[in-house]
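Trainee: Below you'll find the structure I mean.
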Amino acid sequence: MRKIYYFLFACLVGTGLVACSSDDPLEPSIFEYDSEELDSFDLWLQKNYTIPYNIDVLYRYQDYETDQTYNVVPPKMENAIALAIMMKHIWLEAYEEAVSREFIRSYSPRIFQFIGSAEHRSDGAIVLGTAEGGLKITMFRLNALDINNLYIDSISPFPNSNHVPLDMNFWFFHTMHHEFCHILQQTKNYSTEFQTISAGKYHSADWINVADEDAPLEGFVTGYGSGEEREDMAEIYATYVTHTPEAWNKILEAGVKDGDTSGRDAIVKKLDIMKKYFRDSWGFEMDTLRKVVLRRSKEIETLDLRTLK
């Protein structure tokens, strides 16, 4: 999902008077504008996100940074800290290891926003994350994270979105890679051949009715990926790099029925195009990234998610 916001700043003109003036106020303001004192988490974010990667993390609720059509709440502090530690390990440092620090620093979004609750759409869909113009990624539902009972499923080809405890791979890790893929898509064009493979088969209006288990028969790895071509690519990318080869093969097997291999063949063709795109345009192998991501997923269990170091 990609949202781009345009802001228009203007001065209001009254009866011969301009409402916004450069003149200094005649009296002291009644409002206090003292800058907020940085706490230990802010300092940790500066050290681990802002300085090395040029990323600002917004975890305090700011209404002008959120979509006003949804009612959302800020994240719990301990959950924001836990996710920031995990994101650094499994996402930022994974790309740094598989590609380079310069790559992730250059192309990562400039802002991460953490939201405690989910955005629920009128069609019944739940927004997992948004990427806005390649500049900002928003992660939702942090308050459902159970730090004491982490669950990361990289072996199920069709994850249960309602699993308790929350599946970190489905709700967060997959989403990070999905949204980052959108940023890379917007930066460098990929082969137009990708668009032709499933042309005429996308469910632009009713993708929510396509079950993940049924999607491979039509040439998609998830129901959401059947919505349109750019989401198709992002879902293949995120699913491939966050799941084991065995899980991926089960998706391909689900693309075959009664001798008809068209679904499987479409997924294979798209993946081949994508591997070439990331190799030639971005200088990394998807298989190398997957190995790094899967290894780091297992290492999450060894991390101290409460202590800022």
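Trainee: Please list, in chain and number order, the residues 5+ apart from ASP167 or on another chain whose amide H is under 5 Å from its amide H, with Hs placed from the backbone.
Mentor: Here nothing satisfies the definition.
Trainee: When ligands, DNA and RNA are left out and all protein chains stay put, how many square angstrom of accessible area per residue does region 193-309 have with a 1.4 Å probe?
Mentor: I get 47 Å² per residue for this part.
Trainee: Determine the principal axes of the Cα atoms in region 171-309, then give the extent along each, sorted from largest to smallest and rounded to whole angstroms.
Mentor: 52, 32, 27
Trainee: Mind checking which lysines have their C-alpha under 26 Å from LYS47, skipping anything on the same chain fewer than 8 residues away?
Mentor: Excluding near neighbours in sequence, the set is LYS76, LYS88, LYS136, LYS298, LYS309.
The values are calculated or read from the model by the stated rules, or taken from the named source; none is laboratory data. Everything quoted here is computed from the prediction, not taken from an experiment. Note: accessible area is taken over every heavy atom of the protein model, side chains too, but ligands, DNA and RNA are not part of it. Shrake-Rupley method; radii C 1.70, N 1.55, O 1.52, S 1.80 Å.
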